[in-house]
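Only one structure is covered here, and it is reproduced in the block below.
The values are calculated or read from the model by the stated rules, or taken from the named source; none is laboratory data. Remember, it's a predicted structure, so these values are computed and weren't measured experimentally. Backbone-built Cβ (ideal geometry, glycine too); neighbour counts: all protein chains shown.
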Amino acid sequence: MYEYIIGKISQLNPAYTVIECGGIGYHVLISLNTYSMLEANNDAKLYIHQVVREDAHLLFGFFEKSEREMFRLLNTVSGVGANTARMILSSLNPQELQMAITGSNVNALKNVKGIGLKTAQRIIVDLKDKISKTSVSDELFSGTYNTIKDESLSALIMLGFPKNISEKIVDKILAENNKISVEGLIKEALKSM
């Protein structure tokens, strides 16, 4: 089992990327969330989940460990395969998905292409308790993390930067250093603008 791949991005599109590492190009399937984090980079570190099927060996890559953890949790639900889990994580980022599941928000899950009422309900029933017990909720969804992110985003928006670009940059910086202060985060974000 692979843990992560670090290398140069030789191809990038919303469905997959090719990471060149040690002279080998790895075809890695990604979510839109990961794609948005990789857009401005030449190099990448992706956390990997390998799926071995009779007809294929697939690598799924994630910019953050928390996204990979949510992917793995989704795969434990009956009727949700790897591609469906990737579709869900392309529509909802890990924080939104966690809030939808813990808040029993069936409509948020039903809005994902290919997810019906029964599958949405099954996801909530199967994962509600698991999510509260995992490190995902402790690591990424703590109040401090959200407060730092929200304050930094507010400051950048008030400075006139577009919300979507600011959010991508803030998320990237927080993924690399989740102990950063609000002031430090704003300074780093301004350097990346």
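Restricting 68, 53 to those that are out of contact with any Leu (no Cβ under 8 Å at 6 or more places or on another chain), of a type outside the set (Phe, Trp, Tyr), within 21 Å of residue 18 (Cβ to Cβ) and surrounded by 20 or more Cβ atoms within 10 Å (Cβ to Cβ) reduces the list to 68.
In the range 96-130, the residue that is modelled with the highest pLDDT out of those that are surrounded by fewer than 20 Cβ atoms within 10 Å (Cβ to Cβ), in contact with a helix residue (DSSP H, G or I) (Cβ under 9 Å, 6 or more places away or on another chain) and under 16 Å from residue 69 (Cβ atoms) is 126. Note on the range 66-111: residues that are within 21 Å of residue 174 (Cβ to Cβ) and not in a helix (DSSP H, G or I) total 2.
Restricting the first member to the range 157-184 and to residues that are closer than 16 Å to residue 33 by Cβ, and the second to residues that are in a loop (DSSP other than H, G, I, E, B) and of a type in the set (S, T, N, Q), the beta-carbon pairs closer than 9 Å and six or more apart or on different chains are 171/93; 172/41.
When the range 132-142 is filtered for residues that are within 14 Å of residue 74 (Cα to Cα) and either modelled with pLDDT of 85 or more or buried (at least 18 other Cβ atoms within 10 Å of the Cβ) (or both), only 136 remains. Might you check whether a residue that is surrounded by 17 or more Cβ atoms within 10 Å (Cβ to Cβ), within 30 Å of residue 193 (Cα to Cα) and not basic (Lys, Arg) occurs anywhere in the range 74-84? The answer is no; no qualifying residue exists.
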